[in-house]
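**Q** Here it is: the structure, laid out below.
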Protein chains: 2
Amino acid sequence: MDRVFQALADQTRRDMVERLIGGPASVSQLAEPLAMSLPAVMQHLRVLEACGLVRTEKVGRVRTCRVEPTVLRMAEDWLGRQRTTWEHHLDRLGDFLTEPQPKPEPGSRP
Amino acid sequence: MDRVFQALADQTRRDMVERLIGGPASVSQLAEPLAMSLPAVMQHLRVLEACGLVRTEKVGRVRTCRVEPTVLRMAEDWLGRQRTTWEHHLDRLGDFLTEPQPKPEPGSRP
DNA sequence: CTGATAGTTAAGCAACTACTTGACTGTCCC
DNA sequence: GGGACAGTCAAGTAGTTGCTTAACTATCAG
């Protein structure tokens, strides 16, 4: 999980993911719009591969990269879980604020 | 955006967020379950605050921290957008594979 | 074989991260 | 006032990240 968010914490890598969401690409196609050397792109690619966001396969001399949406989903799920939990808490707070004052138990304040 | 994912790329900080999702807490309450010094917790807290995931307010000598769900939502949205785009592409690929071969235009292959 | 293409490896470097310890500043309560 | 409590500042350090350049290895086309 650390690795996934770490991978997404970089604009370049998010750009690469967005590119790959649109379909598979070779390393050079991936590098083409990026203002950096090929080795730099390779390093980003390795980060994306290490956390499972991207799978790559080399055939002949070209390595083809494609996105692996399951891991993307995992991150989304974690965030979604936090949000829904928070919304639940809001609901319960709302209930508490709108429900009529419960009768104080007899003897609760002598 | 970089900052948000960067902030979430750390287990300690995710733990802090999960703790705060359950309700506001003071710095020491936040630090209590964590196996590290208070200054370390403060630094994590500053990261969370810098990216807007958490807001804090000091009253008297205690600083109260609470989660800011809008930023959490932003990250979730980015991920959701990627996923839905990918699903769209899958759909269109499915259409392409299942639709009948289009008639070749007259003269397209002499 | 030769040259161009596609990718890979390795070394080096500046900047950043996640801590630590130690000293310090306020605030609260008696 | 004086001690305890809650938090803060500063400096130092080991390890990581994001890049670079230079040299190298395969693969393909003619």
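Read the figures in this text as sums done on the coordinates, not as results from a lab. Since the structure is predicted, the reported quantities are computational estimates derived from the model, not experimental observations. A quick note on method: Cβ atoms are made from the backbone with ideal geometry, for glycine too, and the neighbour counts reach across all protein chains shown.
**Q** From other protein chains only, count the Cβ atoms within 10 Å of every residue's Cβ in A:9-18, then give the mean.
**A** Per residue, the average neighbour count from other chains is 3.
**Q** Roughly how crowded by other chains is peptide A:79-85, in terms of the mean Cβ count from those chains within 10 Å of each of its Cβ atoms?
**A** On the way: counts 13, 5, 2, 13, 6, 1, 3.
Mean inter-chain Cβ contacts per residue within 10 Å come to 6.
**Q** Taking the label point 7 Å from Cα in the Cβ direction, how far apart in nm is B:Gly22 from each other copy of itself, listed shortest first?
**A** Result, one decimal in nm: 4.4.
**Q** While we're looking at this one, here's another question. Roughly how far apart, in whole Å, are the Cα centres of the range B:1-31 and the range A:1-43?
**A** Each part's Cα centre sits 27 Å from the other's.
**Q** Right, here's the next one. In terms of modelled amide H atoms, which long-range or inter-chain residues lie less than 5 Å from the amide H of A:Ala25?
**A** For A:Ala25, whose amide H was placed from the backbone, the distant partners under 5 Å are A:Cys65.
**Q** Also: Find every distance from the label point of B:Arg81 to the corresponding label point in the other copies (7 Å from Cα along Cα→Cβ) and write them in nm, one decimal, shortest first.
**A** So the label point of B:Arg81 gives 2.5 nm to the other copies.
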